[in-house]
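Please treat every number below as a calculation from the coordinates, not as lab data. Since the model is a prediction, treat every value here as computed from it, not as a measurement. As a convention, Cβ positions derive from the backbone with ideal geometry for all residues, glycine included, and neighbour counts pool all protein chains shown.
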Amino acid sequence: MRVRVELFASLREAAGAGELELEGLAEGATLGAVRAELARRRPELAGLAQARGVVGDAYADDDTTLADGARVAFLPPVSGGAHDYAAGVFELSAAPLDPGACQARVAHPGCGAIALFTGTTRDTHRGERVLRLEYEAFEAMAGPEMARIFARCRAAHGDPDGTRPERALRMLCVHRTGTVAVGEPSVVIAVASPHRASAFDACRFLIDELKQSLPVWKKEFLEGGAHWVGDRS
């Protein structure tokens, strides 16, 4: 089946076109399948994972089934819109990460502590020199899975029912895709909270859970060859 895709603002500029046509999709493809296929065919669309999907003139979930010839749109975050850091914000980025900028994004006058974790590419692995890493993500699933991780973190270390405001959390996770050079960050997690204990605990929880279930994979390029690391990053 065939679907017409409209792109706006930063996505339009990245693609170099306001409309794209996807052919060869399976019958009954969902909006999420279109998102995943578009990301596969056009890797320059780094912001696609954060874009909201539209079918017709209404926002639609990724499980929305499409008909042959459907017109859909992907909208980047609206100018002036606020991220909900209390719920948790997750981003995939094809561009280098700035840990300081991530820390600044979660800062708030009501938070006296910010815990920042930065995972970087080390120069050796098991005695071999590392040349670079490459990360691949299942973008259509990564956002929803990270949302579930954020929810578990709020339940374990935050203030989910509003009765422990001293444990309120502001959470951000940004993960690289594509090639990451030695010494460059591959993942940054920033957590702000009124007190340090909750910030530390939540930051550790997020990176540990991310490593277990986020659909992002890492390939190491060493002097002696290349290989995928485990099942997931």
Please identify, among E27, E91, E19, the residue showing maximal mean-square fluctuation in a Gaussian network model of the chain using a 10 angstrom Cα cutoff. E27
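Viscosity 0.890 mPa s, temperature 25 °C: Stokes-Einstein D of the chain from its Kirkwood Cα radius, in µm² per second?
Values: Rh = 19.0 Å.
After rounding, the answer is 129 µm²/s.
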What translational D, rounded to a whole number of µm²/s, comes out for the range 3-75 from Stokes-Einstein when the hydrodynamic radius is the Kirkwood one over Cα pairs, at 37 °C and 0.692 mPa s? 274 µm²/s
When a/c is below 1.5 the answer is rounded, else prolate if a/b is larger than b/c, else oblate, so apply that to the range 55-182 with a ≥ b ≥ c taken from the square roots of the Cα gyration tensor eigenvalues. oblate
If unit charges are put on Cβ atoms (+1 for Lys and Arg, -1 for Asp and Glu) and the dipole of the chain is taken about its Cα centre, the option from G119, A26, L133 lying farthest towards the positive end turns out to be G119
Give the separation of the Cα centroids, the range 47-125 to the range 145-220, in Å. 13 Å
Which order, highest average first, do 106-118, 138-150 follow once you tally other Cβ atoms within 10 Å for each residue and take the mean per peptide? 138-150, 106-118
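What number, in nm² with one decimal, is the all-direction average of the projected area of the convex hull of the alpha-carbon atoms of the range 184-230? Each step should come with its number before you reach the end.
Values: hull surface 17.6 nm².
Average projection, Cα convex hull of the range 184-230: 4.4 nm².
Using alpha carbons only, what's the Rg to Rh ratio of the range 117-220 with Rh from Kirkwood? Please list the in-between numbers first.
Numbers: Rg = 15.4 Å, Rh = 14.8 Å.
My calculation of the ratio gives 1.04.
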Within a Gaussian network of the chain (alpha carbon springs, distance under 10 Å), most fluctuating of T121, T163, T179: T163
